[in-house]
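Each reported figure results from applying straightforward, stated rules to the coordinates on display, with no laboratory input. Keep in mind the model is a prediction, meaning the values are calculated, not measured. All Cβ positions, even for glycine, are placed from backbone atoms using ideal geometry, and neighbour counts span all protein chains on display.
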Amino acid sequence: MTSLPSTLRTCCQRFSFRRHPRGSDFSPDGANQAGNEMQTRETAVAGAVIALPSAPVASQSNLLQSAATLTSRAIHSDVAIPESSRADPTTSRTAFSDEPSIDTQSTVNGTIFAGYCEEIFEEEIPSRMGHHDREYNIPNEASTFSIPPLLIDFEGNKGSGEKLPSGWKEYTHSDGKPYFWHDEYRTITEEWIYDDLFGDMVTKWALTLNTVLSRSPSSLQVKDWHLVIKVKEYTTPAWTDDGCFRCIYYFVNHDNESLFWLSEFIIDEHLTAIRGPVTYSQIYHFLRQEYWHHMYLFADTHPLSDAQWVAANRMVVKAYFDVTTSNTSTVVHSAAELEAMMKSLSHAEKVNAPEVAAAVQRSLLCNQFLNYHGQRSARTNRGESVFGDDPDQAQCTFIFKLLSPFLFYAPVVHLDILNKYWVDGLASKDQWVTLIERCTGEWSEHTIYATILLNANVAFLAIPSVDESIERYRGSITQVLSILSVVSSLGSILVGLLMGRYHRTKKHIPVGDINVYLKSHYSDDSRWGFEWLAIIYSIPYALLMWAMVLFLGAFFSMCWESPTRSVRISVVIGFSLAFAVSVLCIYRFWEGDQWTTWAFGKLRRCWKHDRDESSVLGCIRSRLATIWRDKWKRGSDPEPGLPL
């Protein structure tokens, strides 16, 4: 083991290290114990950072400069990296030797850095750096300003005594948010470094991370890199005299369009969109997606090469071709959206707007990552599950099977559509638009039919015979059925209007919001899934059908109460024919679920082939046949003396 240089040992003995609750490897309380533990663990200097006394950052400029110089001299003098830290990057992925090489942080000591003023360094990805978070609010008061005479330079005057620190250059993103670039440190930050507090912290951390990277073996493999830093403030101190500031960072490797960090970074919380074993090539796909997210945010700091422009155009053209030639494409964008992307890319390349290409690449790479692009289990059909789940073979719960007949089996159709449109927790924009248009269209039709039926019921209740029966019997069966039909019609209208208005606002939401909406209605218990949502979607149709059935019952009851026998016979014949035709249509075009289809088929086969009169079904069949023959015989040979 190579001992630490005397200069660095002296600094480590003068200032103490503390252990942060999140898992810093520096745990001694005293200075001597810190130095001894660093020797016994054979800690590389690449993983050690000197801690200054806990004074305000703004008041440490002189001390910061001397400490940085001391650290730089110590690291660049007589320190050798231990052999234990010179890990071969290929040894940790022997099983994936045939996949693209990724510069991981395995070649650097896996400690979380203890930083200046006892801050720690935390790893993060570009999409979680909080670009869209509001960190400063403007006072809600009247605006006043006085323009000085002969004011020409507006960029150099920020007002309020603010001055851009030396070495930094300001850029502005297309969405209006400013960010800053330091050419010497290759560092990018969105912190308002006009404020001395944040400017000193970012500069200090950039110097520290640059120094650590320069001494790591992986630095020779990375030629073109950038560093992004964000200051994160905690409300609760982690220890005594804690300034509650942390350095959130990541490095960008422009050589292979990827990211890397200086400590081990567990990204389990960022892989919730996929499941199962993860390979290095799949992680590389994820890091490329995050790389292009970084390029979208800070496109002005690194120009795109001609090859990258060509790659972006080629990816969009392939996606457009896939969508237009296949009805089951895994691309989530519609043909119109992809066509707009191609036009935007063409104009962006002419005017040098790299953030457009970055946004396109980010979106398409995200879609490829979710569909296991390039993997053995790649999804090639949007309705295909990489886990082998078949939506057609999904088993429904007993409650769903019990409620479906009372809802005229409408939930079965909605459940089948929802299961096919949301395979493995992924939704596509065009399928979502189709689903919303279909549901809102049906609910609008149901509202119209329910309104017509409501008018028919009101007119039916105003018929003199019905009104007389109401007064005579104080509420006959005819009146009760008609009133229930009115209530059911009103329910169908009310639910249809509410659901139609709500879902029309969801028609053009982004794909991410679609997944959030469907996930919120997907039961955590896998036995239920979308069953409750399918039942809710079926309520307007079911209420309309019940209103129709009740109205027919009320009409039949009124006709049956007629004293004329011919009217009764005509009504029975008419209703029987209508019922027979309806049953025939339902039988021929039945699209129920597997359970009801099996039940109807079993009943039909038993009714046709069961000739054993000792069985229950045989007895029923024989009894019905006897009753029918007796009725037919009495109808053809009436008893003498009885009036016809």
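With a Förster radius of 41 Å applied to the C-beta separation of Glu339 and Tyr587, the computed FRET efficiency comes to 0.35. Taking every Cα-Cα distance in the range 517-586 and sorting them into 10 Å bins from zero, the calculated P(r) comes out as 17, 28, 22, 17, 12, 5, 0 percent. Fewest-first ordering of Thr187, Thr505 by other beta carbons within 10 Å of each residue's beta carbon gives Thr505, Thr187.
The Cα trace of the range 266-382 gives Rg and Dmax of 14.7, 43 Å, the first to one decimal, the second as a whole number. Scaled against 2.2 N^0.38 Å for its residue count N, the alpha carbon radius of gyration of the range 395-561 is 1.26. Each label was represented as a point 7 Å from its Cα along the Cα-to-Cβ direction; for Thr235 and Arg314 these points are 5.0 nm apart.
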